[in-house]
Amino acid sequence: MPNTSPEKKEFRSLVLGLKALNPSWSASQISTFLRQSENPPLLKSRQLLTKVKRTLTRNTIDDRQRPGRPITISTPIFQQQVKTSMRLKRGASIRNVTANLNRNGTRCSTYTVYKAARKLKLKWFKTRKSQKLSYQNKIDRVDCAKRLRSKFGVSRNAKKWKWDRVVNTDFSGVFILQPFQNNRNDGIWAEENEAIPSSLINAPTDKFKKGIIFWGAISSNGLIPVDAPIS
C-alpha cells in the first residue's frame, strides 16, 4: 500500500468532505473556499485548482499504486526490523545488520539500512574502554596486601621483617599474538546516550593481550638473571 504523507491525506480529506457537504459545488468553488479560509494552502490559484480537480476525480485520500521497485525504507515493517536488529545491540554495525537482514530474506543494501537508522533517529555511540578489574579483584588485592604486611612486617626493626628475602618480578616487551581488532565497529545504536545501559556502552578489554612477554626480577642481591631478561 502506498505510504501517503499526513499532509496530503489531510488536504484530500478536506476536499472530499466539502464535496460531500456541498454536492453541487464545483472544483472551482471548493478552490475559492479554501483560498478564503483562515489557513489557505500555500499554492497558487491554478495549482490549487488542479490539485482539487485531481482529488475529486480520484475520490480517495491514498496515492495511486506506482510501478517499479517497492519502497522499503519508508515501510514501518522494515524500520521495525532495522530497529530490532541494531538498537542497543553489540556488534550491530551497518554491514552486520545488512548481512543479517539479507540472510533472513529481507533484501536491502547498506545504504538502505543507514537511511532507515537515520530516519529512526538512531545515533552511533562508540564504546568506552573500561578496566576489566572487578570489585572482587580489588578486595582480594587488599586482603593479599594485609596478609603480606602481617607475615613480613612493616618496619625494618620488626621481628617479622623479611622483605630482604623477597624477590619482585616484572615484565616488559609484550609481543601480541592476537589479531588486531577494529574498534570502529565497537558501538551501539540508540536515540540518546542516556538510553544505553552501562553494560552495553562499556567494552571490557584485557589489560594485557595474549602474547610473548619478557620478564625479570629484582631482590636485595640485584637483578635476576644478571645479564638479560628471560623470554
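The values are calculated or read from the model by the stated rules, or taken from the named source; none is laboratory data. Bear in mind that the values here come from a model prediction, so they are computed numbers and not experimental data. Here the Cβ is made from the backbone with ideal geometry for all residues, glycine too, and neighbour counts use every protein chain on show.
For segment 48-150, the helices (runs of 4 or more DSSP H) that sit wholly inside it and include 3 or more residues that are free of Cβ contacts under 8 Å to residues at least 40 places away in the same chain and either of a type in the set (A, V, I, L, M) or closer than 30 Å to Arg35 by Cα (or both) are 94-103. Checked against (1) at pLDDT below 85; (2) surrounded by 15 or more Cβ atoms within 10 Å (Cβ to Cβ), Ile94 meets all criteria but (1).
Each row is one residue, and each column tells you yes or no for (1) farther than 29 Å from Ala195 by Cα; (2) hydroxyl-bearing (Ser, Thr, Tyr); (3) in contact with a strand residue (DSSP E or B) (Cβ under 9 Å, 6 or more places away or on another chain).
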site	(1), (2), (3)
Pro40	yes, no, no
Leu43	yes, no, no
Lys51	yes, no, no
Leu56	yes, no, no
Gln80	no, no, no
Asn102	no, no, no
Thr106	no, yes, no
Lys121	no, no, no
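Of all residues in segment 40-67, those satisfying the criterion of being within 15 Å of Glu10 (Cβ to Cβ) and either under 41 Å from the mean Cα position of the chain (by Cα) or surrounded by 13 or more Cβ atoms within 10 Å (Cβ to Cβ) (or both) are Pro41, Leu42, Leu43, Leu48, Lys51, Val52, Thr55, Thr60, Ile61, Asp62, Asp63.
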